[in-house]
Amino acid sequence: MLAKQTPLTKQMLSELLRASSSKPKQLKKIHAVVIRTGFSEKNSLLTQLLENLVLVGDMCYARQVFDEMPKPRIFLWNTLFKGYVRNQLPFESVLLYKKMRDLGVRPDEFTYPFVVKAISQLGVLPCGVSLHAHVLKNGFECLGIVATELVMMYMKFGELSSAEFLFESMQVKDLVAWNAFIAVCVQTGNSAIALEYFNKMCADAVQFDSFTVVSMLSACGQLGSLDIGEEIYDRARKEEIECNIIVENARLDMHLKCGSTEAARVLFDDMKQRNVVSWSTMIVGYAMNGDSGEALALFTMMQNEGLRPNYVTFLGVLSACSHAGLVNEGKRYFSLMVRLNDKNLEPRKEHYACMVDLLGRSGLLEEAYEFIKKMRVEPDTGIWGALLGACAVHRDMILGQKVADVLVETAPDIGSYHVLLSNIYAAAGKWDCVDKVRSKMRKLGTKKVAAYSSVEFDGKIHFFNRGDISHPQSKAIYEKLDEILKKIRNMGYVPDTGSVFHDVEMEEKESSLSHHSEKLAIAFGLINGRAGHPIRVMKNLRTCDDCHVFSKFVSRLTSREIIMRDKNRFHHFRNGDKEWSKFVNMNSMFMSVIRCY
DNA sequence: GTAGGGTTAG
């Protein structure tokens, strides 16, 4: 009777496992039965259980099951590695790899893709280098997949030349290898290199696909190269590459990142299908471009269509409130988020940072400080950084010092915090304190990020540093700049030397100011750009007050529209005016949002 | 039986 029942029960257990593949509690119960009935001996049920646990993400339990297996085959080790990578547990991966070597288990060609990815997640370069040596020793370096993972690892570690060298020396580069390299370039902020390799790829006659297009549109968004991006998109269409919703969303985002909000809206309205990413892209884009009214209006529309916002949508909404100084509305959206009581919508650190920014920007520095103290989450550098930025804007030296102390303690290698503190001192004329901060930076080896601006012209991106003379057109650029400065001075422009935070003489201050990278970029745009077309300048840091005023005057003088994107947001200048957000009645709009829920 | 690529935030 027992013999008759045995195969049935085993089959039943297997079926049960399949049926409860996403229910962790059920899996545990079945595990107990498997052990009790002695079916675990052949490992097949345990294997199935392990795979299910990896999918569910219960890695602790998965490890327990794995450890109970008498002699797991290499496939099972790989399954566990897969689980650790998927669930972002790189440290556990490293320990498992060590154990594997200690036991003398030989890794196979499937092992290294997982382990290399784990080291990427771990972010420790020396570990990556020694793992690379293992890969070579075991003879897996010529496997495309392993090589691709290594290239991505080096790129994520900022080891650009190693990554490039390895990629170039790959004997066979298929489409996925190209796409992976281009994507990781964009993800690490090396979009100009991505563009370079896209051109190489085309020169090598490798046919690109929709994955390539998405990465390139994202690269063009970062670079502010609307024309190049649109050209690539048009080519994709002509070559009948499937432009799915991901491609369309990336295109939308590119337009918004290039300050082309009107065109983005037309694209958005014409889209055949829209998902939460499309809506969030628009809302975030409007917020970045200073059109808070449209951002919040879209948020309402989105809900009227019955779409559920996600955490990015709320980041856009909160930053829209922040840019427009809508303190009370921001507070209400934040509490709405809490009240929705959705596990996926619990405010994250970024949302708290947005709130601190909102309060701080409006001058409510103490309230922002209190908000941080009362937060349910542990404040990170992003949150303290938002408060320090606000202290710099409102020149609050006392609180600024307090916050900077926390930041310099936790993140001594980030130059911008030191710079912000030194700016606060400089604004108050405390040059001895400025010197102290600077010498501390030198002692810690912290470096300031050098400011640069870029402009696209003739299919190329032109970069400028402050006082740069390396550009072939330098002579003409400086002549143009002098000419403009003269003319706008007559129109009433006065250099705002308050934004040069060095203790130097006035004349020197002025010349240092007049050669800021964005001014050089604008002069370049005026020389080369087509009349009637906007000049799009991208800057890697925030733009200073003087360059802001300068741009206003230049837009009036030359009747050219200037769209300047800095680290945080856009500035649109047309006919000497800065375009402000449209007036909207936020109160009534907020009430309609409340009604949706 | 298992392995490499894409969109919204920072």
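Ordering of A:114-122, A:279-287 by packing is A:279-287, A:114-122, highest average first (other Cβ atoms within 10 Å, averaged per residue). Across chain A, Cα-Cα pairs more than 42 Å apart make up 35 percent of the total.
Among the listed pairs A:436/A:475; A:257/A:519; A:28/A:71; A:156/A:238; A:448/A:475, those with a Cα-Cα distance over 30 Å are A:436/A:475; A:156/A:238. For the range A:453-566, treating each Cα as an identical point scatterer without solvent, what Debye log10 I(q)/I(0) comes out at q = 0.16 1/Å? Treating every Cα as an identical point scatterer, log10 I(q)/I(0) equals -0.69.
What shape does the range A:217-279 have by the C-alpha gyration tensor, where a ≥ b ≥ c are the square roots of the eigenvalues, rounded means a/c under 1.5, and otherwise prolate means a/b greater than b/c and oblate the rest? Oblate, because a/c is 1.5 or more while a/b does not exceed b/c.
Axis of helix A:292-304 versus longest Cα principal axis of chain A: the two differ by about 30°, to the nearest ten degrees. Each Lys or Arg adds one and each Asp or Glu takes one away; over the other residues whose Cβ falls under 15 Å from the Cβ of residue A:29, this sums to +3.
In percent, rounded to a whole number, the relative contact order of the range A:453-566 is 33, using alpha-carbon pairs under 8 Å and six or more apart. Each peptide in A:315-326, A:335-346 was scored by the mean count of other Cβ atoms within 10 Å over its residues; highest first, the order is A:315-326, A:335-346.
The angle between the Cα long axis of helix A:226-238 and the main principal axis of chain A comes to about 40°, on a 0 to 90 degree scale. Express the C-alpha Rg of the range A:135-177 as a ratio against the empirical globular expectation 2.2 N^0.38 Å, rounded to two decimals. Its radius of gyration relative to the 2.2 N^0.38 Å reference: 1.07.
The angle separating the long axis of helix A:74-86 from the principal Cα axis of greatest extent in chain A is about 30 degrees.
Quick note: the coordinates plus some simple rules give every number you see, no bench work behind them. None of these values were measured; they are calculated from a predicted model. Note that we place each Cβ from the backbone using ideal geometry, even for glycine, and neighbour counts take in every protein chain shown.
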